[in-house]
Amino acid sequence: MQTKPRHINEIYVTRAIAILGVLIVHATSYTIIDMKGTAYYGFYNAINTFFKYGTPTFILLSSFVLFYSYSARPLTGKLMASFYKRRMLYIILPYVLFSVMYFLYHYDVYATYLAQDEMLSEFFKRLMIGKASSHLYFVFISIQFYLMFPLFLWFFKKFPRWSIHAFWIGFLIQWAFVFSLEQGWVTVENRMSISLSYMAYYFTGVTLGMHFDKVERFFSATRDALRSKWGVWTALLWLAWAAAAFGHIYVQYLSRTGLAAPSQMTYQLFWNAHTYLSAFMLLQVSFVIYRKWAPWLVNTLMHLGVTSFGIYLLHLLVLNKYNTTFQTGDPVMYHLFIAGGFAVSLVVSWIVVGLVMKFIPGYWILFGAKPKRMPKKERTTETPVDNKGQRVSSSAP
């Protein structure tokens, strides 16, 4: 049986916050063009840039859960066969089916420049590079990582001392790739669809997954933890995160408005720092949310986290339909139109995925796996934790 992280509920909360970020970025994507030259451009640029933490956070979390789940188990052919079976059924199959859906949705566009006998080859080309829709690159790079996962798992199990250093090794690999692209030594299309662009996140998942017991007190952010050395690290994290987020927003603003032309290295630096630190910050926030917020609200967020993969796959169909159905030229109504796009894509996708998962036995074909039991916070008071940030059992009702 696959081992689950001790704080899987908090991870579901983090996934919920991450999917909200993804939806906000996509809902505001048109504003980067529509609002150019207006007084609102700075606001929409800030919103669109700030919430770019979503996909990188999903990447780090997926690696973290995998290494937590598999690193303590004997590495056998049976284990890897089970691993690939689950990826095939719950990740790759939904990816292929949604690639078909998005390709068919945009069929009329392809028909304007492709002959009928070219359609099938165009689909397979897009399927193999994660481009049947703009957001499916996330699943495509995840598949790349799954192909490398057994090798990484074998290495870090055989040389466990290196696992504590994995996070900075990931940075070296990622930035060697970025530097090679900048220097022209390597040429690739769609650099952000290549897993090497995210190795800092994947390898940080190695360190967290194999050594979470050493840092979970930091993420717990309890009063006791904040009064220890972890309080200093928390302050440094939040200060560095705020600076990186501001820098990322500013660099994007300069680039999008044409006021300056920051290099790709500069952009990558601020994007990497902002989104990387955001994943840590969101994990810490999720621990606090789980511990302190009302059960009904926490349970709502955890349900959103459970359904987040399905929502990720589906939401652009909903958003695209909304954007083509509702249009406005009124400056005031435009802001409501953008907010409505976010709300509709969230609510409709969430309802559809939730109902399918609940009532249709073969839900996994479209939306992937779900836990055998939905996570639930039962207590109506703050959950007691020890000085390591772990929940303490109690006989209280």
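Bear in mind that the values in this text are calculations on the coordinates, not laboratory data. Since this is a predicted model, take the numbers as computed values, not measurements. In this analysis, Cβ positions are derived from the backbone assuming ideal geometry, glycine residues included, and neighbour counts consider all displayed protein chains.
Ranked for footprinting exposure by Cβ neighbours inside 10 Å, fewest first, 216, 378, 182 give 378, 182, 216. Which of the listed residues, 207, 49, 128, is farthest toward the dipole's positive end in the chain, when Lys, Arg count +1 and Asp, Glu count -1 at the beta-carbon? Result: 207. Inter-label distance, residue 33 to residue 224: 5.5 nm, where each label sits 7 Å from its Cα along the C-beta direction. In a simple Cβ point-charge model (Lys, Arg +1; Asp, Glu -1; nothing else charged), the chain has a dipole of about 1680 debye relative to its Cα centre.
Take residue 260, project a point 7 Å from its Cα along the Cβ direction, then tell me which residues of segment 42-78 have their backbone nitrogen under 20 Å from it. Residues passing the 20 Å test: 42-50. Given 85/125; 157/372; 131/377, which pairs have Cα atoms separated by over 31 Å? Beyond 31 Å between Cα atoms: 131/377. In this simple spin-label approximation, residue 187 and residue 328 carry label points 7 Å from Cα along the Cα→Cβ vector, and these lie 4.7 nm apart. Residue separation of residue 321 and residue 213 scaled by 0.36 nm, minus their Cα-Cα distance, works out to 34.3 nm of gained length.
Applying 1/(1 + (r/R0)^6) with r as the Cβ-Cβ distance of residue 365 and residue 336 and R0 = 45 angstrom yields a FRET efficiency of 0.80. Which net charge results for the neighbourhood of residue 296, defined as the other residues with beta-carbon distances under 11 angstrom from its beta-carbon, given Lys and Arg at +1 and Asp and Glu at -1? Once all neighbours under 11 Å are counted, the net charge is +2. Computed extension gain for residue 105 through residue 118, at 0.36 nm per residue and net of the alpha carbon distance, reaches 3.0 nm. Volume of the convex hull of the chain (Cα atoms only), normalised per residue: 178 Å³. With K and R counted +1 and D and E -1, the other residues having a Cβ less than 14 Å from that of residue 163 yield a net charge of +3.
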